[in-house]
1. Could you give the angle, 0 to 90 degrees to the nearest 10, between helix D:96-110's Cα long axis and the longest principal axis of the Cα atoms of chain D?
2. Using only the alpha-carbon atoms, how far is helix C:68-92 inclined from the longest principal axis of chain C? Give it as 0 to 90 degrees, nearest 10.
3. Which net charge results when you count Lys and Arg as +1 and Asp and Glu as -1 among the other residues whose beta-carbon is under 9 Å from that of D:Glu47?
4. Where does the protein assembly as shown land on the Kirkwood hydrodynamic radius, alpha-carbon pairs, in angstrom?
5. Starting from the Cα of C:Thr70, step 7 Å along the direction of its Cβ; do the same at B:Arg9; then give the gap between the two resulting points in nm.
6. May I ask you to report, in nm to one decimal and beginning with the shortest, the distances from A:Gln20 to the same position in the other copies, taking label points 7 Å along Cα-to-Cβ?
7. Nothing charged except the Cβ atoms of Lys and Arg (+1) and of Asp and Glu (-1): what's the magnitude of the dipole of chain B about its Cα centre? Round to the nearest 20 debye.
8. Of B:Lys38/C:Lys38; C:Lys105/D:Lys19; B:Lys38/C:Lys103; C:Lys103/D:Lys19; C:Lys38/D:Lys38; A:Lys19/B:Lys105, which pairs sit farther than 19 Å apart, going by alpha carbon to alpha carbon?
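What follows draws every value from the coordinates through simple rules; no lab data is involved. Predicted model only: the values in this text are computed from it and were never measured. All Cβ positions, glycine included, derive from the backbone under ideal geometry; neighbour counts span all protein chains shown.
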There are 4 protein chains.
Amino acid sequence: MTDKTDTQRGEWPELAAFKQRLRAFVAERDWQQFHSPKNLTMALAGEVGELLELFQWLSEEESQQLDNETLQAVAHEIADIQVYLANLSDRLGIAIGPAVEAKMKLNAEKYPADLARGKALKYSKLPKA
Amino acid sequence: MTDKTDTQRGEWPELAAFKQRLRAFVAERDWQQFHSPKNLTMALAGEVGELLELFQWLSEEESQQLDNETLQAVAHEIADIQVYLANLSDRLGIAIGPAVEAKMKLNAEKYPADLARGKALKYSKLPKA
Amino acid sequence: MTDKTDTQRGEWPELAAFKQRLRAFVAERDWQQFHSPKNLTMALAGEVGELLELFQWLSEEESQQLDNETLQAVAHEIADIQVYLANLSDRLGIAIGPAVEAKMKLNAEKYPADLARGKALKYSKLPKA
Amino acid sequence: MTDKTDTQRGEWPELAAFKQRLRAFVAERDWQQFHSPKNLTMALAGEVGELLELFQWLSEEESQQLDNETLQAVAHEIADIQVYLANLSDRLGIAIGPAVEAKMKLNAEKYPADLARGKALKYSKLPKA
């Protein structure tokens, strides 16, 4: 899949460019053989596990005031997650940007501001308009 | 945090723009109170769980040939994950783009192409140069 | 919560006994303060992430033939997961044994052998009797 | 793997008995073909994702005072996780009970009560005796 396909599918330019560099990085190492979508999903989940471990004993308040060392570690995990997400979407021909825009439209419908304000409830539990 | 801060920190332009839209969406619903980094990390992990469930009984080969319905579902989960990742990084003032670039540089050093080619081993197990 | 409560709720005896030892271990270290169900859930998920990482690049076949080192590592993670599961259920007063028996009954109804045989489909997609 | 093997390996009796019932349940439905350790790990992680979602917007305090409906849902997920953990360990010939006992011994050494009391730090960061 060339970046031209990504541009045609409306992928965010920077993400499309990154996916192309990532493709080259992977090809250089002959790693595509390990990168089935199934495997990439497991790898993504593994990184998310590492991210969770950084927060597990912190209170919500402490999680807002991370020290430098923890903040750095969190940034590293966020990067790992983004890389696997880009890789997985690239393997499946999914443009993340448009998928995000579509999801935000759906979210706006499921959670109208006037009904959802201040509530963390699932939309099925929101009071009807 | 304004998008100007994100641009100063070198965030990918569309991600920076999206984070700004997301901030407005959240503020409109008075949801920031639920969005401690700790909570956002849990929500991100919850979505990754949904993504895993779509692949759990598929073979690696089947995961490369998803039917339309499953592909759509995967796209939805990828979008959800990207949204929470953007939200979390925004709350912590982390620019994803630069973090990804830094991680890729590190990966290139940990996994030199000539040593890592065709191997899925962790870098500590690669043959020494 | 004493083990007598667990026995009353029908918890599997060794699990009940283990929960009691775990309670003492935690109390000795004054760790209950960190062990809200929310935190324990995150810790559990963190360990599951470590388990995923052991399998992510293995094929399904390779995952059936683990070398000794990997098998040991998997056993360690399974233990960690069981410990957090016991801790979490203990904090919430949930007896795991009875919950498992109830779930198995439900699974037998959702997935009758004659309809579900050889199929990995979710029950809603099984052919109707 | 018969339950006799589990008893020989010192598995907790109730867990050994359950694993045997689970084996029959799976065999009846010809599901072993889907139950590679790799797949079972993904399924386990999927259930943990569902558990996380039940807590993601709750504060630590709220997570200690769950309403009946949420408590029921949590019990269901705990059961699902236990079932997959039993299944995975059975496929790999791992006795969970002994693995847990071994891990608790290790934890007692890594986190001596007098040094670890009241601290959520990783053992490498504990003050030296």
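1. 20 degrees
2. Once rounded, the angle reads 60 degrees.
3. -4
4. Details: mean 1/r = 0.0416 Å⁻¹.
It works out to 24.0 Å.
5. 3.8 nm
6. So the label point of A:Gln20 gives 2.5, 6.3, 6.7 nm to the other copies.
7. Once rounded to the nearest 20, the dipole reads 1000 debye.
8. Where the Cα-Cα span goes over 19 Å, the pairs concerned are B:Lys38/C:Lys103; C:Lys38/D:Lys38.
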